[in-house]
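What follows is a short report on a single structure.
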Amino acid sequence: MSSFDAARLYFEHAAEHMGLSQNMRTLLLTPERTLKVQVAIERDNGEIGTFIGYRVQHNSARGPMKGGLRFHHEVDADEVLTLASLMTWKTALVNIPYGGAKGGVTVNVHNLSHGELERLTRKFVDEIHDFIGPDKDIPAPDMGTDAQVMAWIMNQYSKFHGFNPACVTGKPLELHGADGRKEATGRGVGICTLEVLRRKKMDVKETTFAIQGFGNVGSHAARFLHDHGAKIVGVTDASGGVWNSDGLDIPVLQEYVEQEGGVAAFEGTHPVDNDELLTSEVDVLIPAAIGGVLNVENAPHVQAKVIIEAANNPTVPEADESFAKRDILVLPDILANAGGVTVSYFEWVQNRQHFRWDLERVRKELDRIMVESLNKVWDIAEEKGVSLRTASYIIGLGRVGRATVLGGM
Ligand code: GLU
């Protein structure tokens with residue numbers, strides 16, 4: 001099953017509950033525009049490097065399209081389309097005035113020098129600049145891209161269209177970025193997790209966590225939860241995994257990762273691999289890395305009571321069914337990780353108003369949106385007797401569908 005077919009199952013489940021017509025389903029599933037471009041650069045050794053770049057603009061019924069840009073060796077058309085559609089439902093669910101898009105370049109960034117990465121980014125912008133912009137489609141960071149890449153996008157875009165920092169979000173603070181954007185996805189994950197625990201009457205201080213991924217999302221979520229008294233017993237990343245049943249010292253682990261580049265061999269821990277971590281005896285499991293990690297093979301062995309999807313698309317539909325049967329609560333990606341795009345929205349607003357918000361305001365507005373969205377999802381799930389994922393899709397699809405009908409064809 002392709003990743004879009006899998007995401008489509010979640011969509012169809014909600015569409016069925018809503019009684020959406022086949023024509024409306026087809027309209028909502030079909031991307032508005034798909035760009036596939038050649039990204040050719042000169043390598044440092046003088047040779048030519050040719051890569052493929054994508055931007056899928058899925059839906060603009062509610063506003064300019066919004067979504068990250070991924071530089072990863074596994075990027076393909078199917079993955080970008082899937083992630084673009086998730087952005088449409090995500091922005092609608094948290095009710096920010098955007099549609100959904102996603103971009104990617106199929107490249108292993110670890111094989112690129114700093115200069116090659118810059119040339120690749122600028123070349124990609126050369127190919128797509130006419131199709132993006134503050135009122136059309138606004139890229140942001142995702143796997144393999146960061147504030148530096150966003151700064152190059154802003155700069156390259158300005159060469160064609162003039163100064164307009166709102167053309168991209170997730171920029172460096174020194175270059176029209178927003179306070180709190182870097183931590184935002186992880187913070188949103190943390191806020192949602194605390195709310196879920198409160199509703200399940202679980203005390204965060206008595207709760208154990210395992211987190212897969214210690215990049216921007218996983219590390220900030222870990223830090224937020226640690227600061228609220230949570231015991232994070234296991235963490236894995238590309239370098240390996242670490243386990244300590246008494247709880248990992250997350251601030252020290254963050255410093256260690258800054259120096260060493262990964263969590264592996266952090267002092268005072270046992271090694272743990274990804275499969276062990278995902279099926280470990282913990283209360284809460286947070287996949288915060290790549291998609292499809294919770295699958296048919298490992299789902300029956302997952303022991304967590306709650307799964308918080310910090311990554312995009314981490315659970316395949318068969319695994320989702322297995323969790324539902326075993327009463328494992330899954331907080332879906334389009335809600336759990338929506339903090340990033342929400343603060344991207346605040347950055348865009350600040351850029352357009354040329355008015356800077358302080359960190360306190362960003363956090364307050366983010367926390368409000370996350371809690372309100374979670375409350376709404378929880379209420380619909382209870383009212384209709386559906387999963388939190390189906391409830392999230394019902395809200396997202398409903399908003400996009402109504403905007404489409406109101407706007408007219
Ligand atoms: N890449 C992030 C996501 O998947 C953020 C997107 C954005 O800020 O536009 O939600």
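Rule-based calculations on the coordinates, nothing more; no lab input. Being a predicted model, the structure only gives us computed values, none of them experimental. Methodologically, a virtual Cβ is constructed for each residue, glycine included, from the backbone with ideal geometry; neighbour enumeration extends over all protein chains shown.
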* Structure fact -> Asserting the computed 222 nm helical MRE of the chain (DSSP H runs at least 4 long, -39500 (n - 2.57) per run, divided by residue count, to nearest 500) equals -15000 deg cm²/dmol
* State, as an integer percentage, the relative contact order of region 4-139 based on alpha-carbon contacts under 8 Å between residues 6 or more apart. => 27 percent
* Pairwise FRET efficiency - Glu360 versus Glu174, Cβ, R0 = 22 Å, nearest 0.05 -> 0.65
* To do: Give the cross-link partners of Lys36 among the lysines, using a straight C-alpha distance below 25 Å as the criterion and excluding same-chain residues fewer than 8 apart.
  => Lys66, Lys90, Lys102, Lys123, Lys136, Lys159, Lys171
* Structure fact -> Given a Förster distance of 35 Å, the FRET efficiency implied by the Cβ-Cβ spacing of Asn298 and His161, rounded to the nearest 0.05, works out to 0.15
* To do: Work out from phi, with θ = phi - 60° and the Karplus expression 6.51 cos²θ - 1.76 cosθ + 1.60, the ³J(HN,Hα) of each residue of region 358-373, listed in order in whole Hz, and give x for Gly and Pro.
  => 8, 4, 4, 5, 4, 5, 4, 5, 5, 4, 4, 5, 5, 5, 4, 5
* **Integer Hz, Karplus 6.51/-1.76/1.60 couplings in order for region 131-145, x for Gly and Pro** => 9, 10, x, x, 10, 10, 7, 10, x, 7, x, 8, 4, x, 10
* To do: Using θ = phi - 60° and the Karplus relation 6.51 cos²θ - 1.76 cosθ + 1.60, list the HN-Hα couplings for region 271-287 in order, rounded to whole Hz, with x at every Gly or Pro.
  => x, 9, 9, 4, 4, 4, 5, 5, 10, 6, 7, 10, 7, 10, 10, 10, x
* Asked: So what's the net charge close to Val109: Lys and Arg +1, Asp and Glu -1, counting the other residues with Cβ under 11 Å from its Cβ?
  -> -1
* To do: Treat every Asp and Glu Cβ in region 95-237 as -1 and every Lys and Arg Cβ as +1, leave all other atoms uncharged, and give the resulting dipole magnitude about the Cα centre to the nearest 20 debye.
  => 480 debye
* Euclidean distance between Cα centres, region 342-409 to region 251-302, Å -> 29 Å
* Taking Leu278, Leu173 and counting other C-beta atoms within 10 Å, the order from fewest to most -> Leu173, Leu278
* With each label point set 7 Å from Cα along the Cα-Cβ vector, what nm distance links Ser113 and Met202? -> 4.9 nm
* Asked: Hey, rough spin-label estimate for Asp76 and Thr26, points 7 angstrom out along Cα→Cβ, what's it come to in nanometres?
  -> 2.6 nm
* To do: Could you tell me the number of lysine pairs in region 175-317 with C-alpha atoms less than 20 Å from each other, where the two lysines are 8 or more residues apart or belong to different chains?
  => 7
* Structure fact -> Any residue on another chain or 5+ positions along whose placed amide H is under 5 Å from the amide H of Arg43 is listed here as Ile48, Gly49
* Structure fact -> Magnitude of the Cβ-charge dipole (Lys and Arg +1, Asp and Glu -1) of the chain about the Cα centre, nearest 20 debye, reported as 1700 debye
* To do: Pairs of Cα atoms under 8 Å, at least six residues apart: use those to get the relative contact order of region 83-152, whole percent.
  => 23 percent
* Asked: What is region 240-324's relative contact order, in percent, from Cα pairs under 8 angstrom and six or more apart in sequence?
  -> 26 percent
* To do: Quickly rank 60-68, 242-250 as a protection proxy: mean count of other C-beta atoms within 10 Å, highest first.
  => 60-68, 242-250
* Short version: what are the Cα gyration tensor semi-axes of the chain, square root of 5 times each eigenvalue, largest first, in whole Å? -> 30, 27, 20
